[in-house]
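Encoded as structure tokens, the structure appears first; notes follow it.
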Amino acid sequence: MMAGGVLLAQAAIPAQTRNFLSEESGNSNAMFANDGLLQGVCDIHLHCRPDSRDRSVDEYGFMQEAMRAGYRAVMFKSNDFSCHDRAYIIRQALPGAECFGSFCMNRVHGEKVNAFAARKAVETSGGLCRCIWMPTLDAAYQYQREGRKEKGIPVLDDNGQVLPEVILVMEICAEAGIIFATGHASAQECLRLARKAKEIGVEKFVVTHANAHFWKMTTDQIRQCIDLGAYIEYCYLPCLWGEGTKMPRYPRQSIEEFAAFVRIDPSRSFISTDLGQAVMPHPLEGMRDCILKLQAAGVPQGDIDLLVRRNPAWLVGLDK
């Protein structure tokens, strides 16, 4: 009871008056060993080394920390490189590690969505590629919003129809029973993709970043996607960046707004940290802070369990 009181007190203290998210994460994570708050958590969107961007931790090291903390599973994401093959090696080195990888359709794999690369990712030894993401940092919508002159990788044609190569990837994901994720698509693109995914029979269709930055969706758009069979991802990262942080150019999301998003339909949603950036808190710290803040905001524990445990576990194939 005393420990619980301390946790709730920490959650209630304004962020600007405390330093809960330690910058020296390498020394702080020992405190999370066998942490009851993190037992059974599945974080299926985080970034680790090796990568083409600076990261705060490597995949092998993070998996060790996650297992000590009581995590059930992790799915790594790299915007440029495969990580499902590395998950195969990590599992050999760490018996019992439930780590998975994913594959992003960015420019490193060609100038358009590469269905052949997606097929080979799914066929890689171990079957540990559990998600194919549509373009992220190289998405056409991302380039447009950033005001870039070159064209990014599209998911729709000029008439707003889902491109044939994207349909092929949907079929690959449906056949393999893995996640098809929208990447950095716009809200309207996500709706078009959701309709096509339902038509094809993609069981694990995920709309990503639905609460974040210029991918943010309205409640009505989210409900439309859910009605079409989608699962909705809410990332905690936007609650940590912003003014006063080392990622100041993005507007920070309040915990109240974040909680309002996750309340829309917890049965068809999940939370990931999207952490691993070298200038941001360690993913374990971020997930712990997220859970504490949701508890303090009055989100029922049953809904939190759905969001950070049960739904992401099903999506990566741990539960039938």
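When you go through I232, I226 one by one, which is the residue that is modelled with pLDDT of 95 or more, within 26 Å of N79 (Cβ to Cβ) and in contact with a strand residue (DSSP E or B) (Cβ under 8 Å, 6 or more places away or on another chain)?
Numbers: I226 fails: within 26 Å of N79 (Cβ to Cβ).
Of I232, I226, the one residue that is modelled with pLDDT of 95 or more, within 26 Å of N79 (Cβ to Cβ) and in contact with a strand residue (DSSP E or B) (Cβ under 8 Å, 6 or more places away or on another chain) is I232.
Residues of segment 51-89 being in a helix (DSSP H, G or I) and of a type outside the set (A, V, I, L, M, F, W, C), which ones?
Within segment 51-89, the subset in a helix (DSSP H, G or I) is 59-69, 84-89.
E59, Y60, G61, Q64, E65, R68, H84, D85, R86, Y88, listed by residue number.
Of all residues in segment 266-320, those that are of a type in the set (S, T, N, Q), more than 21 Å from C48 (Cα to Cα) and over 12 Å from the mean Cα position of the chain (by Cα) total 4.
Contact map, segment 58-79: first residue under 20 Å from R130 (Cα atoms), second residue among the hydroxyl-bearing types (S, T, Y) and not in a helix (DSSP H, G or I), Cβ cut-off under 6 Å, separation 6 or more or different chains; pairs are M75/S102; K77/S102; N79/T136.
Tell me, yes or no, whether segment 279-286 has at least one residue that is surrounded by fewer than 20 Cβ atoms within 10 Å (Cβ to Cβ) and in contact (Cβ under 8 Å) with a residue 24 or more places away in the chain. Scanning segment 279-286, I find at least one residue that is surrounded by fewer than 20 Cβ atoms within 10 Å (Cβ to Cβ) and in contact (Cβ under 8 Å) with a residue 24 or more places away in the chain, so the answer is yes.
Of the residues making up segment 187-208, those that are buried (at least 22 other Cβ atoms within 10 Å of the Cβ) and not in a helix (DSSP H, G or I) number 6.
Across segment 101-120, what is the total count of residues that are within 18 Å of E175 (Cβ to Cβ) and crowded, with 24+ Cβ neighbours inside 10 Å? Qualifying residue count for the region: 5.
Would you check if D43 is under 23 Å from I179 (Cβ atoms), surrounded by 17 or more Cβ atoms within 10 Å (Cβ to Cβ) and modelled with pLDDT under 95?
For D43, the condition - under 23 Å from I179 (Cβ atoms), surrounded by 17 or more Cβ atoms within 10 Å (Cβ to Cβ) and modelled with pLDDT under 95 - is not met.
Answer yes if at least one residue in segment 209-224 is within 17 Å of V41 (Cα to Cα) and either part of a helix (DSSP H, G or I) or touching a residue at least 12 places away in the same chain (Cβ under 8 Å) (or both), and no otherwise.
Filtering segment 209-224 down to residues within 17 Å of V41 (Cα to Cα) leaves none.
No, segment 209-224 has no match at all.
Residues in segment 141-161 that are buried (at least 20 other Cβ atoms within 10 Å of the Cβ) and among the aliphatic types (A, V, I, L, M) were compared, and the one that is farthest from L228 (Cα to Cα) is I153.
Cβ separations smaller than 7 Å between residues 6+ apart or across chains give the following pairs from segment 132-153 residues that are within 19 Å of P164 (Cα to Cα) to residues that are among the hydroxyl-bearing types (S, T, Y) and part of a loop (DSSP other than H, G, I, E, B): M134/T182; Y141/S186. Are any of the residues in segment 290-304 free of Cβ contacts under 8 Å to residues at least 40 places away in the same chain and either part of a loop (DSSP other than H, G, I, E, B) or touching a Gly at 6+ places or on another chain (Cβ under 9 Å) (or both)? Scanning segment 290-304 turns up at least one residue that is free of Cβ contacts under 8 Å to residues at least 40 places away in the same chain and either part of a loop (DSSP other than H, G, I, E, B) or touching a Gly at 6+ places or on another chain (Cβ under 9 Å) (or both).
Here A181 qualifies as of a type in the set (A, V, I, L, M), surrounded by 24 or more Cβ atoms within 10 Å (Cβ to Cβ) and in contact with a Ser or Thr (Cβ under 6 Å, 6 or more places away or on another chain). The residue that is nearest to N114 (Cα to Cα), counting only those in segment 70-89 that are of a type in the set (A, V, I, L, M, F, W, C) and surrounded by fewer than 22 Cβ atoms within 10 Å (Cβ to Cβ), is F81. Being buried (at least 18 other Cβ atoms within 10 Å of the Cβ), under 16 Å from the mean Cα position of the chain (by Cα), farther than 18 Å from D303 by Cα and of a type outside the set (K, R) is true of C239.
The values are calculated or read from the model by the stated rules, or taken from the named source; none is laboratory data. Here the structure is a predicted model, which means the values were calculated and not measured. Backbone-built Cβ (ideal geometry, glycine too); neighbour counts: all protein chains shown.
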